[in-house]
Every structure is written in structure tokens, then in C-alpha cells.
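Please treat every number below as a calculation from the coordinates, not as lab data. Treat the numbers as computed from the prediction; the structure is a model and nothing was measured. Note that each Cβ is placed from the backbone with ideal geometry, even for glycine, and that neighbours are counted across all protein chains shown.
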Amino acid sequence: MADVPDLDNVFKTLGDCMVRCGLMEDDRLIVQLSLAKAWSDPAGIWVRVEAL
């Protein structure tokens, strides 16, 4: 399967984006993570953030 990113690489990009947009100071602060990969049209990323 060409151009199918590894799930851990997808999260690395998402974590970096959440830091850049100011959602968090550093992605090392994430204490729980659940990832799933699916293909759909339209494509996108769903994020749910909860304070502890």
C-alpha cells in the first residue's frame, strides 16, 4: 500500500501541530492516547482534549 503513513508518524505530526497552535506547551504532557486509522472521504483528523 503506497502512501499509507505509519500510525505513530501520524501522531507525531498531530502532536507537533497541537504544540504549534498553542493547545499545549509540549506533547510530552500527554498522559493517555488512543489512536486508530481509517480512510474516509472527506479525510480529516478528529481530536478530543480533556483536562485532568
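Seen from Val19, the other residues with C-beta closer than 10 Å to its C-beta sum to a net charge of -2, counting Lys and Arg as +1 and Asp and Glu as -1.
Computed from Cα atoms, the angle from the helix 7-20 axis to the main principal axis of the chain rounds to 40 degrees. In order along region 38-52, phi translates into HN-Hα couplings of 8, 10, 8, 10, x, 7, x, 10, 9, 10, 10, 10, 10, 7, 8 Hz, rounded to whole numbers, per the Karplus curve 6.51 cos²θ - 1.76 cosθ + 1.60 with θ = phi - 60° and x for Gly and Pro.
GNM on the chain, alpha-carbon springs under 10 angstrom: the most fluctuating residue among Asp16, Asp41, Asp26 is Asp41.
How large is the Kirkwood hydrodynamic radius of the chain, in angstrom, based on all distinct alpha carbon pairs?
12.6
The loop-placed trypsin sites (Lys or Arg not before Pro) in the chain, going by DSSP, that have at most 12 neighbouring Cβ atoms within 10 Å of their Cβ come out as Lys37, Arg48. Label point of Lys37 set 7 angstrom out along Cα-Cβ; within region 4-29, amide nitrogens under 14 Å from it belong to 4-14.
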